[in-house]
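The values are calculated or read from the model by the stated rules, or taken from the named source; none is laboratory data. Bear in mind the structure is a predicted one, so any value in this text is a computation, not a measurement. Cβ placement follows ideal geometry from the backbone for every residue including glycine, while neighbour counts extend to all protein chains displayed. Just the protein is used for accessible areas: all its heavy atoms, side chains included, with ligands, DNA and RNA removed. Shrake-Rupley method; radii C 1.70, N 1.55, O 1.52, S 1.80 Å.
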Amino acid sequence: MQITYEEFDKVDIRVGKIVEVQDFPEAKKPALKLKIDLGPDIGVKTSSVQAVGAHTKEELQNMLVCCVVNFPPKNIAGFTSEVLTLGFKNTVDMGWVLITPAKDTVELGSKLA
């Protein structure tokens, strides 16, 4: 299915920095709770990610990630996930490999163009 550029442009994808990582044992599938700093305009938001197996908690700390910031919040096992952290399915170690900018010089909150 194809979409138009105008439809894609409605998806607000921003870069943020993971500032806190917690275990999420209540989730049905192995997951972690994240707090992500998306810059001064958006602030710190929460996200649940199924990155267990693909990333360690230590690796995720301070990692830059790409997030969809204009989806409605989603309740996952009693936790409110405010943004969708983007990743690719990892067929080797399970979990999702999170998308990160190639350079760390990207300003927090920058929009994907």
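Expressed as a whole percent, the accessible area of the chain that falls on carbon and sulfur atoms is 55 (1.4 Å probe). Each listed q (0.15, 0.20, 0.23 Å⁻¹) maps to a log10 I(q)/I(0) for segment 5-98 from the Debye sum over equal C-alpha point scatterers, namely -0.55, -0.96, -1.22.
Here segment 12-62 is assigned +1 on the Cβ of each Lys and Arg and -1 on the Cβ of each Asp and Glu. Its dipole about the Cα centre then comes out at about 140 debye. Translational diffusion of segment 46-102 was estimated from the Stokes-Einstein equation, with Rh taken as the Kirkwood radius over Cα pairs; at 25 °C and 0.890 mPa s the coefficient is 205 µm²/s.
Structure note, pairs Lys17/Lys45; Lys33/Lys57; Lys10/Lys33; Lys10/Lys45; Lys28/Lys74; Lys74/Lys111: Cα-Cα distances above 18 angstrom occur for Lys10/Lys33; Lys10/Lys45; Lys74/Lys111. Accessible surface calculations at 1.4 Å, restricted to protein heavy atoms, place the chain at 66 Å² per residue.
Taking Cα centre as origin and charging only the Cβ of basic (Lys, Arg, +1) and acidic (Asp, Glu, -1) residues, the dipole magnitude of the chain rounds to 240 debye.
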